[in-house]
Structures are given as C-alpha cells and as structure tokens.
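The values are calculated or read from the model by the stated rules, or taken from the named source; none is laboratory data. Bear in mind the structure is a predicted one, so any value in this text is a computation, not a measurement. Cβ placement follows ideal geometry from the backbone for every residue including glycine, while neighbour counts extend to all protein chains displayed.
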Amino acid sequence: MKFDQSGVKALMDITPRPELVFVRGQGAWLEDHLGKRYLDFVQGWAVNCLGHCPPELTQALNAQSELLVNPSPAFYNTPSMELAKRLTGASCFDRIFFANSGAEANEGAIKLARKWGRVKRNGAYKIITFDHSFHGRTLATMSASGKPGWDTMFAPQVDGFPKAGLNDLDSVRALVDDKTVAIMLEPVQGEGGVIPATREFMQGLRKLADEHGLLLIVDEVQTGMGRTGTLFAYEQTGVTPDIMTLGKGIGAGVPLAALCAREEVCVFAYGDQGGTYNGNPLMTAVGVAVFDTLTAPGFLEAVNARAQQLSEGLLALSAKWGMKGERGTGLLRALILDRDDAVAMVDTARDWTPKGLLLNAPRPSLLRFMPALNVTAEEIDLMLAMLDDVVAKVRA
C-alpha cells in the first residue's frame, strides 16, 4: 500500500506526523500500511486501557449498534444508567454527566464549580490550578492548564485560574480569596512529566478547601479507570473530592468521558449543561464493558504487578546508562534521562528496527510509558530490551 499524499493534504495540519499509516491493531501491537509491526507503549496517550480492538469493546459496540445508537440526551437510555450506577457505586460521587472527551468533562467541571459559587458563595468563580498542569484544549481548559506558553496562544485567556505550585501548599493558600470557589488538579501531572501529587499535599488541599468552604476537583482523565493501580487515583490519598472528571480509559478507545459530583454540588439547572452525543448508548455500552473488565477479580492486582515490573526495569536501565531514575504511579510511568535526547529516542524506537516501538516524550529529557493495563510480563520485558537497544543506538 502506498502512502497517500492526497489524503495528507486533505487533513488539517495540526501536528507533525511520520509518513506511516496504521491500518490495524491488536492488543499491544499496531501494524502500518507496509506491514511493519509496532509495540505500543503510548496506547493513544493512555486511552486504550485494554489495548487495541479488545473483544470486550468490539462485542459491546456490535451488540449495541443493533439495538439503539443515539435517542438524544433528552431521553433516558439503559447503558448510560447502568454505567452511571457502576461509577457511583464504586466511588464517593452521587451523580454522573457523560461527555465525549476529557476536555469536555473538565469544561463541565469548571461550569459546575462556577455555578456552585454563584449559588453558594456569593458569585465566587476563581479556580486555583497548577503550573505545568494539563486540562484540555478548549479555551477554558487551556486557561486552566499551566502549560508554558498557553497563556498567549489564543489570548485573551478565560479569567479566573490563578496558578499554584504542585506539592506546595503555601502557594495554594496564598491564592485563596473571597472570589475563590475551587481547587483543581491532576493527582499525577501526566503532560507535566508524570509528577504525582503527594498524599500529604492532597490531604492538605482537602483541609484547606474545608477551612474556606471550597470545592476540591480531581482531573482523573488520565489517572482514572485503573491507570494508577486503583480504579481512581484519589483512593490512594485518603481524600474525598467534590468533583471528579474521567476520560481516556473509560471508553478504552471510543469517545467517552464523565463528570462526577457529590449530590450537594449538583446545582445545574435545566439547560445549564448538555450535548448532542452525550451519554449515547453506543458509547456508554462500551463503558459498561470496560468498567466490568477493570473491576473483575484480579485485574487491578495484575496492573500493580506489571507496574512494579516496569518500574524495576526502568530503574535498571537508568542505572546502566547513568540516567536519573524513574517515577510514576501504576502503569503511568516516566524514565528521567540525563540529557535532552528523548525525542531522538522516540524517533529511533519507531523507525530503526524491523519491529517498531512507540514511546512518548512529553519533555526533552523524559520518556513517558502508558501501556495497556492488560499488558503482559513478556511485552514489558520485550519493551525494556528494545529500549536498551534504542539508547545504545542513539548514544553510540
């Protein structure tokens, strides 16, 4: 199969892409238009939590597509109610609003917090977020994000998102005023370099929020749905948030996200929130199948076993090559390099060998690993061996 230059020209150019077209995938592997196979440790940026084309997803899609696809959010449908019951039953939240992307769920969380501030806190609207955070690509979620340079990219920004430093409680406390309504953070900053918020910091935020009558919002778009070894990352902190957002892994590859909130926070009036495709049965049926797979006996135990294996393997590589260690939680991990050659490693891993390896470099000196949650021990060992060869090639 030839590379389709006319197809490239028909697509809006929004990111650099290599000249390859993926045509099929199964589990941890992708295959391109020339038949080359790639071991995928990116998985759509932690989206494909069960790998490529898992049977649970395809079976749910096929079965539901023959029953009902989209009756409109103006009516109830069975899969959305079933998934909502599962999520509330497994968490501290009482109500669920389904969306199509993590950014949309975060936009909804911002709206809900601001509406709560109008109803409960005399119009308070500011949401304290964090340097190097990432909450999405809408105007409001870009404004909430602390990614360098984003404050001018589509200026003027949406007002009301002062930035604190992660794991620096005093920097948060200094930003609280009578217009503050909430604190919003990722339990692990993924795009920021796989930097976990400490348990002590999370508990300090909860205490600070309670002292000032603020909401605590956890953006679990990347960390939720088993990625960190528990169903939700907040469970590891001993903290009860007021609002949580989910995306990526909740749909295992299909567009699905969720805004979750405790009952007393749910102040939306009719017309405040909606969306044409939101909560449609085709996507939420997949969500049910994904949830049931992730919560099956032994699944999360296997995630934690593979996380330990990956962590130990990365530490061994780091020691061999004089790097700076690894960090992360569960199967969201990073290798901290000793020099700025992460991009060269990503390119070499993809293109150099007869079998490719897909990696991600969110920072010039850092590689991020987001394999499928059902990745095997053999696939992790293979990835580590391939990465060792890649480092040798790049640093020859």
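Among residues of segment 133-159 that are within 17 Å of V221 (Cβ to Cβ), those with a beta-carbon under 7 Å from a residue that is of a type in the set (G, A, S) and outside any loop (DSSP other than H, G, I, E, B) at least six positions away or on a different chain give the pairs H135/A144; G136/G102; G136/A103; R137/A103; T138/A103; T141/A103. In summary, strands (runs of 3 or more DSSP E) completely within segment 249-341 and bearing 3 or more residues that are farther than 30 Å from V181 by Cα occur at 332-336.
R121 meets the conditions (1) touching a Gly at 6+ places or on another chain (Cβ under 8 Å); (2) closer than 16 Å to I217 by Cα; (3) of a type in the set (K, R) in every case but one. The failed one is (2). Inside segment 82-126, residues that are of a type outside the set (K, R) and over 20 Å from the mean Cα position of the chain (by Cα) make up a count of 12. When A233 is tested against the conditions (1) in contact (Cβ under 8 Å) with a residue 40 or more places away in the chain; (2) out of contact with any helix residue (DSSP H, G or I) (no Cβ under 9 Å at 6 or more places or on another chain); (3) assigned by TED's automatic domain parsing to the domain that holds L366; (4) surrounded by 18 or more Cβ atoms within 10 Å (Cβ to Cβ), the lone failure is (3). Filtering segment 338-365 to residues that are touching a helix residue (DSSP H, G or I) at 6+ places or on another chain (Cβ under 8 Å), over 13 Å from G190 (Cβ atoms) and either of a type outside the set (G, A, S) or in the same structural domain as V194 (by TED's automatic domain parsing) (or both) leaves D338, D341, M345, T348, W352, T353, K355, L357, L358, L359, P364.
Entry remark, segment 62-84: residues being part of a loop (DSSP other than H, G, I, E, B) and either in contact (Cβ under 8 Å) with a residue 40 or more places away in the chain or closer than 18 Å to P255 by Cβ (or both) number 8 in total. Screening D151, D131 for residues that are in the same structural domain as V265 (by TED's automatic domain parsing) and at pLDDT below 95 leaves exactly one candidate, D151.
Suppose we filter segment 39-61 for residues that are part of a helix (DSSP H, G or I) and surrounded by fewer than 21 Cβ atoms within 10 Å (Cβ to Cβ); how many remain? Final tally of qualifying residues: 7.
Taking segment 305-335 as the range and being more than 16 Å from L366 (Cα to Cα) and surrounded by 15 or more Cβ atoms within 10 Å (Cβ to Cβ) as the test, the residues that pass are R306, A307, Q309, G330. Condition test on T223, is it surrounded by 22 or more Cβ atoms within 10 Å (Cβ to Cβ) and either outside the structural domain of G123 (by TED's automatic domain parsing) or of a type outside the set (F, W, Y) (or both)? Against the criterion (surrounded by 22 or more Cβ atoms within 10 Å (Cβ to Cβ) and either outside the structural domain of G123 (by TED's automatic domain parsing) or of a type outside the set (F, W, Y) (or both)), T223 qualifies. In segment 164-192, the residue that is nearest to the chain's Cα centre (by Cα) out of those that are under 11 Å from L208 (Cβ atoms) and not small (G, A, S) is I183. Summed over segment 197-213, residues that are under 11 Å from V239 (Cβ atoms) and of a type outside the set (D, E, K, R) total 7. Hey, does segment 272-290 have a residue that's closer than 17 Å to T228 by Cβ and either under 23 Å from the mean Cα position of the chain (by Cα) or among the polar types (S, T, N, Q) (or both)? So far as segment 272-290 goes, yes, one or more of its residues are closer than 17 Å to T228 by Cβ and either under 23 Å from the mean Cα position of the chain (by Cα) or among the polar types (S, T, N, Q) (or both). Checked against the criterion of being buried (at least 20 other Cβ atoms within 10 Å of the Cβ), out of contact with any Gly (no Cβ under 9 Å at 6 or more places or on another chain), in a helix (DSSP H, G or I) and not assigned by TED's automatic domain parsing to the domain that holds L331, segment 205-219 contains one or more residues that satisfy it.
Between T376, T329, T348, the distinction of being of a type in the set (V, I, T), within 18 Å of G224 (Cα to Cα) and modelled with pLDDT of 95 or more belongs to T329 only. Residues considered: L34, L87, L83. Of these, the only one that is surrounded by 12 or more Cβ atoms within 10 Å (Cβ to Cβ), out of contact with any Cys (no Cβ under 9 Å at 6 or more places or on another chain) and of a type in the set (A, V, I, L, M) is L83. A Cβ distance below 9 Å, combined with a sequence gap of six or more or placement on separate chains, defines the contacts here; from segment 284-302, residues that are in contact (Cβ under 8 Å) with a residue 12 or more places away in the chain reach no residue that is aromatic (F, W, Y) and assigned to a loop (DSSP other than H, G, I, E, B). Looking only at residues in segment 3-31 that are in a loop (DSSP other than H, G, I, E, B) and touching a residue at least 12 places away in the same chain (Cβ under 8 Å), the one that is surrounded by the most Cβ atoms within 10 Å (Cβ to Cβ) is A28. Between P187, P241, P297, which is within 19 Å of E56 (Cβ to Cβ) and at pLDDT 95 or above? Result of the check over P187, P241, P297: P297.
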